[in-house]
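The values are calculated or read from the model by the stated rules, or taken from the named source; none is laboratory data. Every value quoted in this text rests on a predicted model; they were computed, and no experiment measured them. Quick reminder, even Gly has a Cβ in these numbers, built from the backbone with ideal geometry, and neighbours come from all protein chains shown.
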Amino acid sequence: MKKNTKIMLWLFFLIIAAVQLFPFIWLVNFSFTSSSEFYSSSILKWPDVPQWQNYINAWVDGKFARYFFNSFFVTAVTIVLTVVLSLTLGYAFTRMQWKLRSLFFTVILLGIMIPIHATLLPNFAIFKSLGLTDSYLGLILPYTAVSVPLGTFMLTGFLRSIPKAMEESAVIDGANIYRIVFGIIAPLTAPALVTIVVTTFLNCWNEFIMASTFLSKDSLKTLPFSVMNFTGQYSSDYGSQFAVMVLTSVPAIIIYAIFNEQITKGVTAGAVKG
Amino acid sequence: MHKVLNNKLAIFLFVFPGILLFALTFLAPIILSGYYSFRDTLAPGTNSTFIGLGNYTELLFHDSRFWLSLRNAVLLGLGFIIIQHPIAIFFAVMLDRIGGKAEKWFRTIFFIPSVISVVVISKMWLSLLDPTFGVFNKLLDSVGLGALKHAWLGDSSTALVSMLVILIWAGFGWGLLFYYAGVKGIPEDLYEAASLDGASGFKLHLRITVPLLMPVITVQITLAMITALKQMEMVFLTTNGGPGDSTQFLAVYLYNKAFSASQYGYANAISILFIAVCLLFTYLSNKLTRSDATEY
């Protein structure tokens, strides 16, 4: 490409990136201002005195530490369960020989098509009668159930592209099935597994509607509720409200920055294989 | 090898937990939903009577909100296809062209909105579009177009379009990523051959990129319609279906029927139809995609 075109393209992308990220820039900007400055006519405003108090309010009234721990715990357990179940299901569907294989595979894939919103009401009734509402398990179970179909689908695609020679030689060496799946197949599918981890993380970490339906106990609430805490009684305190939104976004952005390559690779692999 | 792969206990241990989980959180709820959909239940677990297809006939023949929700989903899906996807394809091609560090950086930046929690995005856009302190109105004021100032989400004539803008902004990263992956999969020598034939610039992409992206495009169009159909959190947190029913969607409607209007049986009938519509869409688009795939 010609040098001039390249510079033009750079400029164009810079402008678009600025426009696209503007809502966040604005959010961060006004999280440091006082409420009176907020109503001024300027679009972005250097705060007269940076209002660090907003962030203290966000941390304390948003119950940030507690909710962060809940999100972390629920997400971590969900990820572990999703990876193990997707791996074992994926292996059973692609490599093992059994009668109901294609039936069960279709059933699991239905999970990708059925909207979780349609299962929300009856799940609420079922979880209530099983005593699962207001428990970590009440979130971990549906989160895992939603993540496993996609994970299994990705793994079956990946497994089909792996030659069977490794497993065959392992069998000759006397390895049993569990050793093959967890000792040989798991490392081989690591790229697919990492993609599953990242997408599961993003989905669970940001999930709101199931959490708000299944939880009412404050001590169990997840990170999105930090923001919700500021919509009622503090709704006119925009500085603190914006601060809590910034705080809530930061962990997801950090994780994304770390695993950014992996997301792209995972999607690329999936899209190319169709 | 055969013996190892036939291990019945292992198959059971590998499959049972997943199937059990699926049965508990997908199958049982749908069956229960089906049961409630034939009853006039007010809240889960309360007394109710069997009313046959009553909820369904009411929904299909007397409930304009149901049809409005479907219409909104179709409009939103078309909005995605007509506006978001061409932009995403354009940016995917440009990212591929720019190359080097810029390719990586901008790809990273453009995806950032897609990793943010839907609660933050909703509240943020509520503020951005606020009639008194929102940035959009301030912008209009600053360029002398103050007369156009608007309660963007609060006016039924602009609410759905505003929702489309928010959703395009929030979902752009995913669209871009999928098309980018598709563009990366096109071999470079095809472009070289075409440019030897005299094609260049826009024409080159119209003749090479777009046709070769067709499989990705058809999958993305299916996804766009399903995304539009499943719209919930963003609507729930910004307009809650209003004003009037201008941003009503099936998931929001059934949620409010169940938890605010105390029409639990009716809400479950919406759930069942919702699932049916989703499966129908998936089935239809799968058929379309398949017949397309053989052409290329």
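Return yes or no: is A:Val198 more than 7 Å from chain B (Cβ to nearest Cβ) and at pLDDT 90 or above? Spelling it out, it is not the case that A:Val198 is more than 7 Å from chain B (Cβ to nearest Cβ) and at pLDDT 90 or above. Of all the numbered requirements in (1) more than 8 Å from chain A (Cβ to nearest Cβ); (2) in a helix (DSSP H, G or I), B:Pro131 misses one, and that requirement is (2). Restricting attention to segment A:142-157, report how many residues are of a type in the set (Phe, Trp, Tyr) and either in contact with a Leu (Cβ under 6 Å, 6 or more places away or on another chain) or within 10 Å of chain B (Cβ to nearest Cβ) (or both). Within segment A:142-157, residues that are of a type in the set (Phe, Trp, Tyr) and either in contact with a Leu (Cβ under 6 Å, 6 or more places away or on another chain) or within 10 Å of chain B (Cβ to nearest Cβ) (or both) number 1. Please tell me if B:Ile112 is touching a residue at least 24 places away in the same chain (Cβ under 8 Å), in a helix (DSSP H, G or I) and more than 11 Å from every other protein chain (Cβ to nearest Cβ). No.
Only helices (runs of 4 or more DSSP H) whose full extent lies in segment B:192-273 are considered here, and the ones with at least 3 residues that are within 11 Å of another protein chain (Cβ to nearest Cβ) are B:210-229, B:233-238, B:250-259.
Considering only residues in segment B:142-156 that are among the aliphatic types (A, V, I, L, M) and surrounded by fewer than 20 Cβ atoms within 10 Å (Cβ to Cβ), the one that is nearest to the chain's Cα centre (by Cα) turns out to be B:Ala151.
One line per residue, one yes/no per condition, for (1) over 13 Å from A:Ala118 (Cα atoms); (2) β-branched (Val, Ile, Thr):
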| site | (1), (2) |
| --- | --- |
| B:Gln220 | yes, no |
| B:Ile226 | yes, yes |
| B:Phe236 | yes, no |
| B:Leu250 | no, no |
| B:Ala267 | no, no |
| B:Leu273 | no, no |
| B:Ala276 | no, no |
| B:Phe281 | yes, no |
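To keep it simple, each residue is scored yes or no on (1) in contact with a Gly (Cβ under 9 Å, 6 or more places away or on another chain); (2) buried (at least 22 other Cβ atoms within 10 Å of the Cβ).
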residue	(1), (2)
B:Val120	no, yes
B:Leu126	yes, no
B:Leu129	yes, yes
B:Val135	no, no
B:Leu140	yes, no
B:Thr158	no, no
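Identify all residues within segment A:256-265 that are surrounded by 14 or more Cβ atoms within 10 Å (Cβ to Cβ), at the interface with another protein chain (Cβ under 8 Å from one of its Cβ atoms) and of a type outside the set (Ser, Thr, Tyr); write none if there are none. Residues satisfying the conditions are A:Asn260, A:Ile263. For A:Trp26, the conditions (1) in contact with an Asp or Glu (Cβ under 8 Å, 6 or more places away or on another chain); (2) within 11 Å of chain B (Cβ to nearest Cβ); (3) part of a helix (DSSP H, G or I); (4) in contact (Cβ under 8 Å) with a residue 12 or more places away in the chain are fulfilled apart from (1). Among the conditions (1) within 12 Å of chain A (Cβ to nearest Cβ); (2) of a type in the set (A, V, I, L, M, F, W, C); (3) within 19 Å of A:Val19 (Cβ to Cβ), the only one that B:Val119 does not satisfy is (3). Inside segment A:186-216, residues that are in contact with a Pro (Cβ under 7 Å, 6 or more places away or on another chain) and within 17 Å of A:Glu261 (Cα to Cα) make up a count of 0. In segment A:62-89, of all residues being within 12 Å of another protein chain (Cβ to nearest Cβ) and among the small types (Gly, Ala, Ser), the one that is farthest from B:Leu9 (Cα to Cα) corresponds to A:Gly62. Scan B:Ala10, B:Ala28, B:Ala102, B:Ala43 and give me the residue that is within 11 Å of chain A (Cβ to nearest Cβ) and crowded, with 18+ Cβ neighbours inside 10 Å. Being within 11 Å of chain A (Cβ to nearest Cβ) and crowded, with 18+ Cβ neighbours inside 10 Å holds for just one of B:Ala10, B:Ala28, B:Ala102, B:Ala43, which is B:Ala10.
On the stretch given as segment A:92-109, residues that are at the interface with chain B (Cβ under 7 Å from one of its Cβ atoms) and out of contact with any Ser or Thr (no Cβ under 9 Å at 6 or more places or on another chain) total 7. Among the residues of segment A:31-58, write down those that are crowded, with 18+ Cβ neighbours inside 10 Å, in a helix (DSSP H, G or I) and at pLDDT 80 or above. The answer is A:Asn54, A:Tyr55, A:Asn57, A:Ala58. Restricting A:Ser147, A:Ser129 to residues that are buried (at least 20 other Cβ atoms within 10 Å of the Cβ) and not aliphatic (A, V, I, L, M) narrows the list to A:Ser147.
Considering only residues in segment A:155-183 that are within 27 Å of the chain's Cα centre (by Cα) and at pLDDT below 90, the one that is surrounded by the fewest Cβ atoms within 10 Å (Cβ to Cβ) turns out to be A:Ser161.
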